[in-house]
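Read through the structure below, which is laid out as structure tokens, and then see the notes.
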Amino acid sequence: MSYNIRNIREISNDPLTKFTNQIAKKLAIFLTKQETDKLENKEDIFSNGQDIDSVVRFHNLNSSKYFDFLTTYYPPTEPDNDKVRLWIRGDNLGNTINDISYFNNHGTLFGDPMLVDGTPFNYGIHWGGIKSIALKFNRPTSDNENEEYISVPDDTDIQVSGIATGMSYFIRFKIFSLSTQSSKERTLFEKIDDSTPNNAAIATVSTDGRIKFYLKRGGTWYRNQTAAGTIALDTVYEVFITYAVSGNVSHIWVNNVDKTLTDPGSDPTLHTTLTNHDLSIFRLGAGTGGGHAYADLYDYMIFKEKVVSSTEVGRHYTNKWTLANIPYGQVAIGSYWASYILAPTPSFTTTSFTSSFDV
């Protein structure tokens with residue numbers, strides 16, 4: 001059923017007015033038919049609505065796995081529903097990137113990062129095809145270059161404020177530029193917990209490849225950097241950063257090497273919108289901007305009230321997944337499966353095929 005809005009009110013009995021109304025109706029029908037005839041499909045909807053840009057991206061990132069039923073798999077420690085308060089993996093797109101720690105500190109993706117083949121890194125769970133997937137940020141070909149990052153809403157789970165034992169951070173990444181971005185060093189992550197701020201944490205990579213880590217607790221900065229450049233371009237690194245309240249001691253492990261640390265000599269640059277306490281990954285927080293990392297992200301984790309030990313770092317570097325003592329390729333991954341097909345035994349062999357079939 002349809003209505004003409006002109007018929008909502010009563011039309012005057014004046015003949016000229018009635019004639020004008022009929023002409024208006026016929027003209028409207030004629031103009032609508034002209035526009036409809038231009039359509040290839042008459043069922044198409046024609047409107048003058050606002051145009052909206054959208055994109056559908058297809059990724060051909062296939063992997064395969066063969067289960068031999070001989071390998072023993074062991075459950076990992078993480079997620080432990082205790083110390084691991086945030087675990088983001090660079091393996092999906094969309095507006096939200098999930099926190100798989102079960103603490104629901106889900107992140108928001110900004111810009112247009114894209115999924116890429118994570119070679120040469122291998123998680124040890126695939127036998128063929130792509131061995132790992134990463135999320136690439138701030139590539140020069142992106143329309144959103146230097147606008148791409150992850151933001152995680154502020155929560156006590158990921159705060160330095162109030163800790164009694166310590167904090168540990170893990171990030172697996174590959175970086176493609178060490179030059180400053182908007183006069184800021186490339187940022188791995190940054191967070192403030194209050195508007196002063198009295199509690200904060202930030203990690204950056206300097207132009208000469210040093211990892212710098214600054215933690216502020218109770219208004220005091222604890223500053224550390226690797227004594228020499230350790231980060232090269234286009235190389236996958238697995239970095240653990242720890243801070244212990246006892247003695248205010250930090251460690252930075254790069255690919256299972258406990259690096260010698262020195263004092264950078266000055267406090268870091270933080271973001272300027274101090275009312276924003278969200279965690280930022282691959283950029284400084286709100287306000288200042290800058291420090292965007294042109295890099296691939298594989299994993300980012302925060303352990304609260306947990307100072308990861310040297311032994312645990314070594315285990316994680318070996319098996320790529322967990323602090324538990326599990327061999328590489330034997331970590332049980334939840335909701336991970338593959339088909340298993342056993343080839344049938346041949347009916348005939350060179351031994352059983354006898355001369356009884358001779359002509």
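A few notes on this one:
- If the condition is being farther than 10 Å from Ser168 by Cβ and either part of a loop (DSSP other than H, G, I, E, B) or under 24 Å from the mean Cα position of the chain (by Cα) (or both), then region 300-314 contributes only Tyr300.
- Residue among Asn105, Asn144, Asn138 that alone is surrounded by fewer than 18 Cβ atoms within 10 Å (Cβ to Cβ) and either farther than 25 Å from Ser250 by Cβ or of a type outside the set (Phe, Trp, Tyr) (or both): Asn144
- Taken over region 296-317, the criterion of being surrounded by fewer than 22 Cβ atoms within 10 Å (Cβ to Cβ) and either in contact (Cβ under 8 Å) with a residue 60 or more places away in the chain or touching a Ser or Thr at 6+ places or on another chain (Cβ under 6 Å) (or both) is satisfied by Asp299, Lys304, Glu305, Lys306, Val307, Tyr317.
- The residues of region 112-149 that are part of a loop (DSSP other than H, G, I, E, B) and of a type in the set (A, V, I, L, M), listed by number, are Ile125, Ile130.
- Subset of region 80-99 (residues that are within 28 Å of Arg139 (Cα to Cα) and either of a type in the set (Lys, Arg) or surrounded by fewer than 18 Cβ atoms within 10 Å (Cβ to Cβ) (or both)): Arg89, Asn92, Leu93, Gly94, Asn95, Thr96, Asn98
- Any pair with Cβ under 9 angstrom, 6 or more apart, that starts in region 54-79 at a residue that is loosely packed, with under 10 Cβ neighbours inside 10 Å and ends at one that is modelled with pLDDT under 65: Asp68/Tyr340; Phe69/Tyr340
- Among the candidates Ile341, Ile326, residue that is more than 19 Å from the chain's Cα centre (by Cα), modelled with pLDDT of 95 or more, part of a loop (DSSP other than H, G, I, E, B) and among the hydrophobic types (A, V, I, L, M, F, W, C): Ile326
- When Leu70 is tested against (1) farther than 16 Å from Ala332 by Cβ; (2) outside any strand (DSSP E or B); (3) of a type outside the set (Val, Ile, Thr), only condition (1) is not met.
- Of all residues in region 89-103, exactly one satisfies the criterion of being part of a loop (DSSP other than H, G, I, E, B) and among the acidic types (Asp, Glu), namely Asp91.
The values are calculated or read from the model by the stated rules, or taken from the named source; none is laboratory data. What you see is a predicted model; the values in this text were computed from it and never measured. Don't worry about glycine lacking a Cβ; one is built from the backbone with ideal geometry, like all the others, and counts go over all protein chains shown.
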